[in-house]
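The values are calculated or read from the model by the stated rules, or taken from the named source; none is laboratory data. Only a predicted model underlies this, so the values are computations on that prediction, with no experimental measurement involved. So basically every Cβ, Gly included, is an ideal-geometry build from the backbone, and we count neighbours across all protein chains shown. The accessibility values were calculated without ligands, DNA or RNA, using every heavy atom of the protein model including side chains. Shrake-Rupley method; radii C 1.70, N 1.55, O 1.52, S 1.80 Å.
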Amino acid sequence: MDFFISICLGVGLAAAAGFRIFLPLLALSIAAYFDVLNLNESWIWLGSLQTLILLGVATLLELFAYYIPWFDNILDTVAVPLAGIAVTILFFVTLGDFEPWVSWSLAIIGGGGTAGFIAGSTAAVRAVSSTSTLGMANPLFATFENFVSILLSILAIFIPVFAGILVVYLIYKCLKWFSNRKSKVNI
C-alpha cells in the first residue's frame, strides 16, 4: 500500500510540476520542513530552511513571470523539458526505499511522462491563446494553471490517492479534447 501511495504522491506532484515547476518542489519542501512527510536521508536537505526559502523565491518569480504575455511563451520553451527532468527527480524522492532501478524507472515514466504531457499541453494552449487573443487571455490561463498546481500539490501531499485519480482524469480529459480538436480539423 505504501508503494501505491508513493506513486500517487509522485504522480500528483508530477502533474502539478507540469503546470508550475517550482511550486510542487516548494510544497514538498514545506511538508518535509514541518515533518508532514519523511524523506529518506539523502534527500533530507529538501526540508531545510535554506531550501525552503530558495524554493519560495523561485516559486514566486515563476508564478508572476507567467503573467507577462510574451515572456510566458519563452518560459514554456524552457519549462517543458525542465519539468520532465525536475519531476523525474521529484518522483524518485517520493518513492522512498525501493530498488533503485524500480524507483528510477517509475520516476522517468510516471513522473517525467506526466509532467511532460501536462507541460506540453499547457504550452500548446498558451501558444494558441497568444496567437488568437494576442496574449490578452494568457493571464487568465496563468491564474488557472497556478490554482491547479497549488491544488494538486496540496492534494498530493495530504490525499495522494485522490490526487492520483484526479491526474488520471485530467489526462483523460486532455486527450479527449485533443482528439475532438483533431477530428474537427480533419472535417
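With every protein chain in place, what's the accessible area of L25 (1.4 Å probe, Å², nearest 10)?
Counting only protein heavy atoms, the figure is 30 Å².
So between I74 and F98, what do we pick up on full extension, going 0.36 nm a residue minus the alpha carbon distance?
4.9 nm
Compute the normalised compactness of segment 4-67: alpha-carbon radius of gyration over 2.2 N^0.38 Å, N being the residue count.
1.13
Could you check how much of the accessible area of segment 46-180 is carbon and sulfur, as a whole percent, using a 1.4 Å probe?
Looking at segment 46-180 in its full context, I get 83 percent from C and S.
Less than 14 Å Cβ to Cβ from W70, Lys/Arg counted +1 and Asp/Glu -1: what total charge do the surrounding residues give?
-1
Counting only heavy atoms of the protein chains, get the accessible area per residue of segment 25-180 (1.4 Å probe) and round it to a whole Å² value.
Result: 54 Å² per residue.
How about segment 1-54: which chymotrypsin sites (Phe, Trp or Tyr not before Pro) there lie in a loop by DSSP and see at most 16 other Cβ atoms within 10 Å?
Sites meeting the loop and neighbour criteria: F34.
Just check segment 131-187 against the gyration tensor rule for me: Cα atoms, a ≥ b ≥ c as the square roots of the eigenvalues, rounded for a/c under 1.5, and otherwise prolate or oblate depending on whether a/b exceeds b/c.
The shape class here is oblate.
What is the Cα radius of gyration of the chain over 2.2 N^0.38 Å, N being its residue count?
1.03
Counting Lys +1, Arg +1, Asp -1, Glu -1, what net charge surrounds T143 among other residues with beta carbon under 13 Å of its beta carbon?
Charge balance near T143 sits at 0.
Distance between Cα centroids, segment 115-148 to segment 61-97: provide it in whole Å.
14 Å
Would you list T143, T88 from the most to the least accessible area, probe 1.4 Å?
T143, T88
First measure r as the distance between the Cβ atoms of F144 and S183, then evaluate 1/(1 + (r/R0)^6) with R0 = 25 Å and state the FRET efficiency to the nearest 0.05.
The value I calculate is 0.50.
Rounded, prolate or oblate, given the Cα gyration tensor of segment 37-111, with a/c below 1.5 counting as rounded?
It comes out oblate by the Cα gyration axes.
Pop out the Kirkwood hydrodynamic radius of segment 68-134 from its pairwise C-alpha distances, inverse of mean 1/r, in Å to one decimal.
About 12.8 Å, per the Kirkwood formula over Cα pairs.
All other residues with a Cβ under 15 Å from the Cβ of F19 taken together, and with Lys, Arg as +1 and Asp, Glu as -1, what is their net charge?
Around F19, the charge tally is -1.
Order I68, I108 by their accessible area, 1.4 angstrom probe, all chains in place, largest first.
These residues rank, largest area first, as I108, I68.
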